[in-house]
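The values are calculated or read from the model by the stated rules, or taken from the named source; none is laboratory data. If you're wondering where the values come from, they're calculated on a predicted model, not measured in any experiment. Note that we place each Cβ from the backbone using ideal geometry, even for glycine, and neighbour counts take in every protein chain shown.
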Amino acid sequence: MSTGLSDLYQEVILDHSRHPRNFGAAESANRQARGNNPLCGDRVTVYLAVDGHHINDARFDARGCAISIASASMMTEMIKGKTVAQAKSLFDRFHMLVASESGEANGDSDEDMTELASLSGVRAFPTRIKCATLAWHAMSAALDGADDDVKTE
Amino acid sequence: MKMASSVAFDIERVRRDFPILSQQVYDKPLAYFDSAASAQKPTAVIEAIKHTYETEYANVHRGVHYMSQKATDAMEAARETIRAFINAASEREIIFVRGATEGINLVADCWGRQNLKPGSEIILSQMEHHSNIVPWQLIAERTGAIIKVVPVNDAGELEMDAYEDLLGDRTAMVSLTHVSNALGTITPMAEIVRLAHARGVPVLVDGCQAIPHLPVDVQALDADFYVFSGHKLYGPSGIGVLYGKEALLDAMPPYQGGGEMIDLVSFEKTTYADLPFKFEAGTPHIAGVIALGTAIDYITGLGLEKIAAHEDDLLAYGTEQLGKINSLRFVGTAADKTAILSFVLDDVHPHDIGTILDREGVAVRTGHHCAQPIMERYDIAATVRASIGLYNTREEIDVLVTALGRVQEIFGS
């Protein structure tokens, strides 16, 4: 495979993109936010069922590329059962992982970060980083109760 | 338009005129299929910019000194080259703008302010570029005008019956593309204009994608306004042309105020310069204008018919070769089309396709191509668009097909 492509399209990513987990609107959701990428027209909606500080359920609906679908799918699996603070911390570390110069995430590596590391291949594809982070921005906006759509621009 | 592929067109020599084409990307030869977004530049154009700044540069139309006169002469010679290229009746009808986008905004604003009333109707089509939608929405908001949309059929052709039905007593303006940037459809512009004029309605033609591929004669089309960008015509970015019939331009108020566009200025009353300068406030993109003239000299030197024959051959070959891929579906299959191969693959998003093709050295555009309404029409978010320029080859089409094979390998489809 050509340079970087095997890092970008790892089997775990292709699997999530072909068989996204937690896909489709959630009836129990009490928070939701939509993310748009105006560059490519991709859209994602994240649905959260939040009870106090606890995220009981997380689902998403999306039209997008393999990277954005896989990232959203993995995200919903991970934040389900976490607290709001934990989910936000995970977003921060994920953002560092895919978007920072060093590619180093702060804090201890844990099971979540090990799995998210499969998305770190986007670092070699600057135009695709927004694909990986779109659902996370929407999740963060849903937690903040933002009314406006989230945009990557 | 279709001609035999044996027409003499020395493609290897032509390719040597474009320095960037010899670049390698990711250690692979660059196969550039994104000319519809912006075309590459021949050495002649690059040299024209260098030559201007090295030998004949100063501000234009004002200085009495030698260099100013030389720059003015070169710029006005380019205006004449452009006039002749589109067969405008007069150089006064050639207005320099930043690009087609600014040209459409100028007409929407200046013509629209004067002529649109609440309930006036502006006819656009479903396959317009955002730059031929949003300026009209802006002026519609200010004037109370209404936008009407001509639908397109499954092949991507304008529904001409629907267009005729939309033309009515309230129609104030028709603004349509000559060639769709997303689909490659050539619209029957002479007929569109004829039908509009039968009702006394003026027509603006977005010629961005037509001008690099088709001979354009604004008088034969009887277009009232015709806009295009220099950078898609192998010229520099930041320079474009608005053609308008003199009587219409004369009647319109200026677009921007400033230097160059005035006759006399006092705080009591300012009078405006004659055409074309009335619409050219501020110092223009002098080197850009001159180099656009050079770009036109370059392509007319190659021969417009030869270029069209070469590009039609590549379009036919590409349609045939890509058509062999089972999971590939073309978006835009008009009987009359040019230079655009827009498609989707089952189960692989265009963005992922674009990334994989890129690593094979193949530059394509992926996305909605600033034409979201036509994407909605086909219920898709995006397509892959391989657009053809005069320098592309059959071998590059083969590279594209092979690279699409890599996509299928990676995605296992």
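A few comments on the model shown:
- Among the residues here, B:THR270 does not qualify as more than 30 Å from B:ARG194 (Cβ to Cβ), in contact (Cβ under 8 Å) with a residue 24 or more places away in the chain and assigned by TED's automatic domain parsing to the domain that holds B:ASP73.
- Segment B:256-276, residues that are closer than 26 Å to B:ASP217 by Cβ and surrounded by fewer than 20 Cβ atoms within 10 Å (Cβ to Cβ): B:ASP274, B:LEU275
- B:VAL344 of a type outside the set (Ser, Thr, Tyr), more than 10 Å from every other protein chain (Cβ to nearest Cβ), surrounded by fewer than 22 Cβ atoms within 10 Å (Cβ to Cβ) and part of a strand (DSSP E or B): yes
- Candidates B:ILE146, B:ILE186, filtered to the one that is touching a Lys or Arg at 6+ places or on another chain (Cβ under 9 Å) and either farther than 23 Å from B:THR338 by Cβ or buried (at least 24 other Cβ atoms within 10 Å of the Cβ) (or both): B:ILE146
- The conditions of being without any contact (Cβ under 8 Å) to a residue 12 or more places away in the chain, within 29 Å of B:LYS117 (Cα to Cα) and part of a loop (DSSP other than H, G, I, E, B) are met by B:GLY200.
- Segment B:391-409 - residue that is farther than 15 Å from B:GLY361 by Cβ and within 14 Å of chain A (Cβ to nearest Cβ) and, of those, surrounded by the fewest Cβ atoms within 10 Å (Cβ to Cβ): B:GLU409
- Exactly one residue out of B:TYR234, B:TYR226, B:TYR163 is surrounded by 15 or more Cβ atoms within 10 Å (Cβ to Cβ), free of Cβ contacts under 8 Å to residues at least 60 places away in the same chain and either on the phi > 0 side of the Ramachandran plot or aromatic (Phe, Trp, Tyr) (or both), and it is B:TYR163.
- Residues of segment B:201-234 classified as of a type outside the set (A, V, I, L, M, F, W, C) and under 12 Å from the mean Cα position of the chain (by Cα), total: 11
Results for (1) of a type in the set (A, V, I, L, M); (2) farther than 23 Å from B:GLU121 by Cα; (3) modelled with pLDDT of 95 or more; (4) outside the structural domain of B:ASN153 (by TED's automatic domain parsing), shown as yes or no for each residue.
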site: B:THR177; (1), (2), (3), (4): no, no, yes, no
site: B:ALA210; (1), (2), (3), (4): yes, yes, yes, no
site: B:ASP222; (1), (2), (3), (4): no, no, yes, no
site: B:VAL227; (1), (2), (3), (4): yes, no, yes, no
site: B:ILE239; (1), (2), (3), (4): yes, yes, yes, no
site: B:VAL265; (1), (2), (3), (4): yes, yes, no, no
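- Considering segment B:369-390, and only residues there that are buried (at least 24 other Cβ atoms within 10 Å of the Cβ) and within 11 Å of chain A (Cβ to nearest Cβ), the residue that is farthest from A:SER6 (Cα to Cα) turns out to be B:ALA371.
- Enumeration of residues in segment A:20-44 that are free of Cβ contacts under 8 Å to residues at least 60 places away in the same chain and of a type in the set (Gly, Ala, Ser): A:GLY24, A:ALA25, A:ALA26, A:SER28, A:ALA29, A:GLY41
- B:ALA403 being within 28 Å of B:GLU128 (Cβ to Cβ) and in contact with an Asp or Glu (Cβ under 6 Å, 6 or more places away or on another chain): no
- Of the listed requirements (1) closer than 27 Å to B:ILE397 by Cβ; (2) among the acidic types (Asp, Glu); (3) surrounded by 19 or more Cβ atoms within 10 Å (Cβ to Cβ), B:GLU305 misses just one: (3).
- Among the residues making up segment B:204-223, a single one is surrounded by 22 or more Cβ atoms within 10 Å (Cβ to Cβ) and polar (S, T, N, Q): B:GLN209.
- Residue within segment B:8-23 that is part of a loop (DSSP other than H, G, I, E, B), surrounded by 14 or more Cβ atoms within 10 Å (Cβ to Cβ), in contact with a His (Cβ under 6 Å, 6 or more places away or on another chain) and of a type outside the set (D, E, K, R) present: yes
- Among residues of segment A:8-19 that are facing chain B (nearest Cβ under 10 Å) and at positive phi, none has a Cβ under 6 angstrom from a residue that is surrounded by fewer than 16 Cβ atoms within 10 Å (Cβ to Cβ) and modelled with pLDDT under 95 at a sequence gap of 6+ or on a separate chain.
- Criterion: under 29 Å from B:GLY354 (Cβ atoms), more than 14 Å from chain B (Cβ to nearest Cβ) and crowded, with 21+ Cβ neighbours inside 10 Å - qualifying residue of A:ALA99, A:ALA66, A:ALA33: A:ALA33
- Residue in segment B:347-363 that is outside any helix (DSSP H, G or I), within 12 Å of another protein chain (Cβ to nearest Cβ), surrounded by fewer than 18 Cβ atoms within 10 Å (Cβ to Cβ) and touching a residue at least 40 places away in the same chain (Cβ under 8 Å) present: yes
- Qualifying helices (runs of 4 or more DSSP H) (wholly inside segment A:45-153; at least 3 residues being over 18 Å from A:GLU11 (Cα atoms) and modelled with pLDDT of 90 or more): A:66-79, A:84-99, A:129-144
- Candidates B:ASP274, B:ASP312: the one that is at pLDDT 95 or above, of a type in the set (Asp, Glu) and out of contact with any Ser or Thr (no Cβ under 6 Å at 6 or more places or on another chain) is B:ASP312.
- Number of the exception - B:HIS61 against (1) surrounded by 15 or more Cβ atoms within 10 Å (Cβ to Cβ); (2) within 24 Å of B:ALA287 (Cα to Cα); (3) not assigned by TED's automatic domain parsing to the domain that holds B:LYS232: (3)
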